Amino acid sequence: MAIRCFVLDDEPLATNLLQDYISRLPDLNLVGISNSPTQALQTLQHTPVDVLFLDIQMPRLTGFDLLRPLGYRPKVIFTTAFREYALDSYEFDVLDFLVKPISFERFLQSVGKIYRFSPMTPVAVEPPESAKTGKEYQYFKVNKEMVKLFLEDILWVEGLKDYVRIHTVSGPLVSYLRISYLEEKLPPERFVRIHKSFIVALDHIQAVSATYIRINNEEIPIGRIYKAKLEEVLQRD
């Protein structure tokens, strides 16, 4: 299901830019644009959205002022030319803080947070795609695209400093992401870390030895400090 977005900024050039960026991503559905915070507040109170791209410094009503009476809390990505608002923005548990001018590359990083690690509760009645298909998925940034991966297709993950190589049934993908962060976000009932550089999918384990796990006929080493956790998980399953 498309993620419903709204853009509010008192500068038309800024809203036009974000409109262009959003139009490039098929899973984002832009349901409204406004240059007036007071008018936008009325619209948003009657038409809930999933994600709000929100300027902070605007006439009559700041972005902070708009959020307080809204009545629900969408995922918020602040867009502003003023860096000094960054700390104040975290009072609202914002998803990201974009400083103008906003490049498409930086915009994609914010969208990646929506896709990957922010559980969405769609406002529409229709159930999300994962519920309809029974398949869980996450989005990963690969080169300049957001690539959708079903969790059941992930075999194992290999850490490469600031990157990870995600081995899937269709082949490997490289994404700009730390393995420690990904470890926290992947469901523990489906994945387990067995080494400082490896996370494996439990459903794809073919065999286990004292020193390695075999998946897809590849031997993945087990780190000494991860053995106890692995044994606990395997006994649980």
Report task. For Y137, enumerate residues with amide H under 5 Å from its amide H, sequence gap 5+ or separate chain, H modeled in the peptide plane. Result -> L151
**Report entry** I213 long-range amide H proximity, modeled H, under 5 Å
**Finding:** I220, I222
**Report entry** Simple Cβ-charge dipole of the stretch 172-237, Lys/Arg +1 and Asp/Glu -1, about Cα centre, in debye nearest 20
**Finding:** 240 debye
Query - Among the listed pairs K161/K185; K148/K227; K113/K227, those beyond 28 Å (Cα-Cα) - result: K148/K227; K113/K227
Query raised in the report: Over the chain, what is the mean sequence separation of C-alpha contacts under 8 Å (at least six apart), divided by residue count, expressed as relative contact order in percent?
Result: 10 percent
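Which order do S110, S36, S170 fall in if you start with the one that has the fewest other Cβ atoms within 10 Å? Provide the component values of the computation, followed by the final result.
Details: S110 20, S36 15, S170 9.
Placing the least packed residue first, the sequence is S170, S36, S110.
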Query - Top positive-direction residue, dipole computed over the stretch 135-236 with Cβ charges, set I213, L160, S170 - result: L160
Query raised in the report: If amide H atoms are built 1.01 Å from N in the plane of the peptide, which residues on other chains or at least 5 residues away come under 5 Å of the amide H of V192?
Result: V200, L202
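As a footprinting exposure proxy, order R193, R178, R24 by other Cβ within 10 Å, with the fewest listed first. If you can, show how the numbers build up before the last one.
Details: R193 22, R178 14, R24 11.
The fewest-first ordering by Cβ neighbours comes to R24, R178, R193.
Throughout, read-outs are computed from the coordinates displayed, never taken from laboratory work. What you see is a predicted model; the values in this text were computed from it and never measured. Cβ: placed from backbone, ideal geometry, glycine included. Neighbour counts: every protein chain shown.
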